[in-house]
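Read the figures in this text as sums done on the coordinates, not as results from a lab. Remember, predicted model here, so these are calculated numbers, not experimental data.
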Amino acid sequence: MSKSPAPVFDPENGIATAAKALQSGQLVGIPTETVYGLGGDATNDDAVAAIFEAKGRPSFNPLIIHLADEDSAWDHVIPCDAARKLAEAFWPGPLTLVLPRRPESGVSLLASAGLDTLAIRVPAHPTARLLLMTANTPVAAPSANKSGTISPTRAEHVAGPFAGVIAGVVDGGPCQVGLESTVIGFDGEVPVLLRPGGIAAEDIENIVGPLSNPAPDGAIASPGMLKRHYAPTTPIRLDAQDVEQGEIMLGFGAETPANAPEGSRNLSTSGDLREAAANLFAMLRELDDVGANCIVVMPIPETGLGQAINDRLRRASRPA
Ligand code: TXA
Ligand code: MG
């Protein structure tokens, strides 16, 4: 027997329910003009981990953070002049800007896969804006499709596959653009096309001049090119069962070595992979600041979110 689909909230009366669900850390399907998003409170590590779990991707890709208006967007990132011009021209709308995150942003490090930049977008769909305004928190939302399936452009595309996983999906009707947002990063003031999408490159060039392509090893890279993402400067040893003098431990589960030094961390003492994902980037950064010779990481199972956690740890442990 197949599960019955998740609730579909109507765009007027359902907004308050959907906003409350977001505030309490639940996931909600949100309509935007491009595609439906799988939304969660971007400041809640656990909600963001739940998004990755629901998507079923074997790796952490940084997510787009959705805000109700331009001013709220600048609370989280530092815009260059070109970014301000593009926001002026295309927000609200299908444009995502990747910019340096403000230290006080409060957006989960997991949402940006540990990067120092955030991808920000102010969607044009009136229902999305009303929901964002009501929830009054930044919302992380990848396209609401399971990894490897096509992007959802109707509420029912979301309600079925995510039954039991989301509190519901807000029905905003069929998406008008039907194609994901254009993603633009910046190399200084030079705009870089990270993903073609709902706004044509020519229209962007009319505002800020020629777009460049991401250099494979440059500071900005497109998703597939982000080879290392965030990596600590301290060397990392994986699948460790023991810890030696001068090392610091990133544990997992209840049974950790008795000699793990003070300052060591545990991703999840109960062995919960969602909790581990939620803690991953923040704990790596903390351990990186300790000044140890090596961060030793206990084995993490290759199931569920464990795959994405291990993928990220393996990348982080490769020499630069
Ligand atoms: O239209 C859209 O953009 C939809 C709706 C729901 O807003 N969202 C969407 O999200 O397509 P997602 O997670 O499927 O795609 C996010 C894109 C990826 O290409 C990702 O690599 C890029 O944005 N991205 C996010 N943060 C980034 C960052 N800090 N640096 C570089 N690329 C980033
Ligand atoms: Mg997608």
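With springs only between Cα atoms under 10 Å, which of A49, A201, A87 fluctuates most in a Gaussian network model of the chain? Evaluated over the chain, the most mobile residue of the options is A201.
How high is the relative contact order of the stretch 236-317, in percent, with contacts defined as C-alpha pairs under 8 Å that are six or more residues apart?
41 percent
Pairs of lysines in the chain whose Cα atoms sit within less than 29 Å of one another amount to 8, provided the residues are eight or more positions apart or on different chains. Distant-in-sequence amide contacts of H125, defined by a placed amide H-H separation under 5 Å and a gap of 5 or more residues or a different chain, comprise E33. In a GNM of the chain with a 10 Å cut-off on Cα contacts, which of A282, A50, A128 has the highest mean-square fluctuation? So, out of A282, A50, A128, the one fluctuating most is A282. Taking a ≥ b ≥ c as the square roots of the eigenvalues of the Cα gyration tensor of the stretch 236-317, is the shape rounded (a/c under 1.5), prolate (a/b larger than b/c) or oblate? Since a/c reaches 1.5 and a/b is larger than b/c, the shape of the stretch 236-317 is classed as prolate. Between helix 45-55 and the chain there is an angle of about 70 degrees, using the helix long axis and the longest principal axis of the Cα atoms.
Judged by the ratio a/c of the largest to the smallest principal axis of the C-alpha gyration tensor, the chain counts as oblate, that ratio being 1.5 or greater while a/b is no larger than b/c. For the chain, relative contact order (Cα pairs under 8 Å, six or more residues apart, normalised by length) works out to 22 percent.
With a ≥ b ≥ c taken as the square roots of the eigenvalues of the C-alpha gyration tensor of the stretch 11-143, please select rounded if a/c is under 1.5 and otherwise prolate if a/b is larger than b/c or oblate if it is not?
oblate
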